[in-house]
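For reference, the structure discussed in these notes is given below.
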Amino acid sequence: WTDLFNCNWGKAYQKRHYFHCYLLTDYLSTVSGEFIAKDPFYNKENIILKYEEIIQNSFRCSIFERLPLDQRNKKKILDLIRLDAKKYISYECHEKIKRFAEDFLEFDCCIELYKDDTDVSTIPIIDKIRMYGEQRKAYVVLLENIQKKEKKGIKTSIDYLYQSCQLWRHIKLVLLRGAISQKEVDVFFIRQMLLDIANLEYFLMYNIISSL
């Protein structure tokens, strides 16, 4: 995790402060201390970073371990997905999206969208909506792999999740158009899409709990 302000491969470099993350995928040499990174947001690969840069500009990191796909790990993965779905329900995430939908009726385009920065994709509200959509897209890939390999009855959840992804993407595009044109966005339209997302995600999580 770093600050977009420090990412010299991005359009927000030295312009905007915002939380950002990228992946360290390999290293060139332990002698030179240079690492290879990729940034899915900017679709950039083979970014070369020195060890000193990484330490200086990062404030948190996570390690991902690739596990062998044996029965024990399969069960562990399914248990974790079920637990995630239960947390989504118990934390009332769908209700939070509904409250977000109602709050959108008070959305002020002048404050939130009309920025001097030319890189409108880094405007906080747009970047957050993009992030929510990307998280759902990654979840689709996960569920599709489980459906393919384990033959679980979660196709309904996958279909609902696809619809959710499309709605998050549509909201992002509406906000991007508003930021570029500096015209008012239809907050009632966005509100309805958020309410639709809340309902879709509530039912898909229940389907995951009952099907896995």
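The values are calculated or read from the model by the stated rules, or taken from the named source; none is laboratory data. The shown structure was predicted, so the numbers you read here are calculated from the model rather than taken from an experiment. So basically every Cβ, Gly included, is an ideal-geometry build from the backbone, and we count neighbours across all protein chains shown. Accessible surface is based on the protein model in full, side chains and every heavy atom, while ligands, DNA and RNA are left aside. Shrake-Rupley method; radii C 1.70, N 1.55, O 1.52, S 1.80 Å.
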**Asked** In the stretch 56-64, is there at least one residue being surrounded by 12 or more Cβ atoms within 10 Å (Cβ to Cβ) and not in a loop (DSSP other than H, G, I, E, B)?
**Response** yes
**Complete:** Cβ pairs under 7 Å, 6+ apart or interchain, first in the stretch 144-167 and touching a residue at least 12 places away in the same chain (Cβ under 8 Å) and farther than 15 Å from Ala198 by Cβ, second in a loop (DSSP other than H, G, I, E, B) and of a type in the set (D, E, K, R), ordered by first then second residue, are Ile146/Lys152
**Message:** Could you go through the stretch 131-146 and let me know if any residue there is open to solvent by 50 Å² or more (accessible area, probe 1.4 Å), in contact with a helix residue (DSSP H, G or I) (Cβ under 9 Å, 6 or more places away or on another chain) and modelled with pLDDT of 90 or more.
**Reply:** yes
**Request:** Could you list all residues from the stretch 31-43 that are in a strand (DSSP E or B) and either among the small types (Gly, Ala, Ser) or open to solvent by 90 Å² or more (accessible area, probe 1.4 Å) (or both)?
**Result:** Ala37
**Item:** Selection from the stretch 75-116 of residues that are over 22 Å from Glu201 (Cβ atoms) and either open to solvent by 30 Å² or more (accessible area, probe 1.4 Å) or free of Cβ contacts under 8 Å to residues at least 12 places away in the same chain (or both)
**Value:** Lys75, Lys76, Glu106, Asp108, Cys110, Ile111, Glu112, Tyr114, Lys115, Asp116
**Request:** Report whether or not Gln135 is closer than 21 Å to Asp79 by Cβ and free of Cβ contacts under 8 Å to residues at least 12 places away in the same chain.
**Result:** yes
**Prompt:** Would it be correct to say that Asp84 is in a helix (DSSP H, G or I) and either in contact with a strand residue (DSSP E or B) (Cβ under 8 Å, 6 or more places away or on another chain) or among the acidic types (Asp, Glu) (or both)?
**Reply:** yes
**Asked** Taking Leu28, is it touching a strand residue (DSSP E or B) at 6+ places or on another chain (Cβ under 6 Å) and either under 30 Å from Asp196 (Cα atoms) or surrounded by 15 or more Cβ atoms within 10 Å (Cβ to Cβ) (or both)?
**Response** no
**Prompt:** Within the stretch 1-12, how many residues are outside any helix (DSSP H, G or I), open to solvent by 50 Å² or more (accessible area, probe 1.4 Å), within 15 Å of Leu49 (Cα to Cα) and of a type outside the set (A, V, I, L, M, F, W, C)?
**Reply:** 1
**Complete:** Flagged in the stretch 13-25 as open to solvent by less than 50 Å² (accessible area, probe 1.4 Å) and part of a loop (DSSP other than H, G, I, E, B), in numbering order, are Arg16, Tyr18, Tyr22
**Request:** Check Glu184, Glu201 and return the single one that is of a type in the set (Asp, Glu), in a helix (DSSP H, G or I) and either within 23 Å of Lys87 (Cβ to Cβ) or open to solvent by 40 Å² or more (accessible area, probe 1.4 Å) (or both).
**Result:** Glu201
**Message:** List pairs: first residue in the stretch 173-188 and over 13 Å from Ile123 (Cα atoms) and modelled with pLDDT of 90 or more, second residue part of a loop (DSSP other than H, G, I, E, B) and of a type in the set (Lys, Arg) anywhere in the structure, Cβ distance under 9 angstrom, at least six positions apart or on different chains.
**Reply:** none
**Message:** So for the stretch 13-24 (the condition being out of contact with any Ser or Thr (no Cβ under 6 Å at 6 or more places or on another chain), more than 23 Å from Thr122 (Cα to Cα), modelled with pLDDT of 85 or more and not β-branched (Val, Ile, Thr)), does at least one residue qualify?
**Reply:** no
